[in-house]
Amino acid sequence: MQLTILGCYAATPRTITNPTSQLLEIKNRMFLIDCGEGTQVQLRKNKIKFSKINQIFISHLHGDHFFGLVGLLSTMHLMGRDKGITIYGPEGLETIVRSQLEIGGQKLDFFIRFVSLDGKESKLLFEDKLIEIHTFPLKHGIPTNGFLIKEKMKERKLLPEMIKGTGLKLEHLPKLKKRGEC
């Protein structure tokens, strides 16, 4: 797991930092968390391929957390993206993004799936065999979501020669592989 801080400074950019945006890489997959202005430039500086980002998580609707999103989506289109993307964010984000794209005359060659978050309850957002991502509410001036990313434990590999003579029964092995106790 590697976290790249693309921006981390309050609501306004500085000469040495940008508004908030982080990229989490897990097993060669990229998850973008927030997308403040300057995110695209920081992605380029860090040699991160835009096409590897398939999920974007927006914590809340203060501009420093999402003002770079429409530009990023437009650039992805210009780079030939045709694979869909999922954006998790507060209620209202979809309306903002779709309105900006429509008013700007921008049609994307890829599908955007929006998952609306209310900032009031914890829930599982994404899960596969390697990770799970949960949202949880944060106290802020407006509904805000935190994101908890958990890497799943790998199943143990059992060595048959080490099991012989232990008294373990065949039915115990699946639980033992999943790190349970027999």
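The values are calculated or read from the model by the stated rules, or taken from the named source; none is laboratory data. Computed from a prediction, not measured in an experiment: that's the story for all the values here. Note: ideal-geometry Cβ built from the backbone for every residue, glycine included; neighbour counts use all protein chains shown. SASA here: full protein model, heavy atoms, side chains in, ligands and nucleic acids out. Shrake-Rupley method; radii C 1.70, N 1.55, O 1.52, S 1.80 Å.
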For this session: Report, by residue number, each residue of region 93-111 that is in contact with a helix residue (DSSP H, G or I) (Cβ under 7 Å, 6 or more places away or on another chain) and either under 14 Å from Leu69 (Cα atoms) or at pLDDT below 90 (or both).
Result: Val97, Gln100, Leu101, Gln106, Leu108
Problem set entry | Meets criteria (more than 20 Å from Val115 (Cβ to Cβ), β-branched (Val, Ile, Thr) and not in a strand (DSSP E or B)) for Ile16 | yes
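So that you can scan it fast, the table gives a plain yes or no per residue for (1) on the phi > 0 side of the Ramachandran plot; (2) open to solvent by 30 Å² or more (accessible area, probe 1.4 Å); (3) among the hydroxyl-bearing types (Ser, Thr, Tyr); (4) touching a residue at least 24 places away in the same chain (Cβ under 8 Å):
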position: Gln40; (1), (2), (3), (4): no, yes, no, yes
position: Lys49; (1), (2), (3), (4): no, yes, no, no
position: Ser122; (1), (2), (3), (4): no, yes, yes, no
position: Asp128; (1), (2), (3), (4): no, yes, no, no
Exercise. Based on what the data block shows, is Met30 buried (at least 18 other Cβ atoms within 10 Å of the Cβ), of a type outside the set (Asp, Glu) and under 14 Å from the mean Cα position of the chain (by Cα)?
Worked result: yes
For this session: Residues being open to solvent by 20 Å² or more (accessible area, probe 1.4 Å) and at positive phi: count how many of those fall in region 91-120.
Result: 2
Seminar exercise, completed: Pairs returned, first residue in region 137-153 that is in contact (Cβ under 8 Å) with a residue 12 or more places away in the chain and surrounded by 11 or more Cβ atoms within 10 Å (Cβ to Cβ), second residue that is acidic (Asp, Glu) and assigned to a loop (DSSP other than H, G, I, E, B), beta-carbon separation under 8 angstrom, 6 or more apart or interchain, are Pro137/Glu121; Pro143/Glu91; Pro143/Asp118
Problem set entry | Test: residue in region 74-90 that is in contact (Cβ under 8 Å) with a residue 60 or more places away in the chain, within 17 Å of the chain's Cα centre (by Cα), surrounded by 19 or more Cβ atoms within 10 Å (Cβ to Cβ) and not in a helix (DSSP H, G or I) | no
Exercise. Would you pick out the residues in region 19-58 that are hydroxyl-bearing (Ser, Thr, Tyr) and either outside any loop (DSSP other than H, G, I, E, B) or at pLDDT 95 or above (or both)?
Worked result: Ser21, Thr39, Ser51
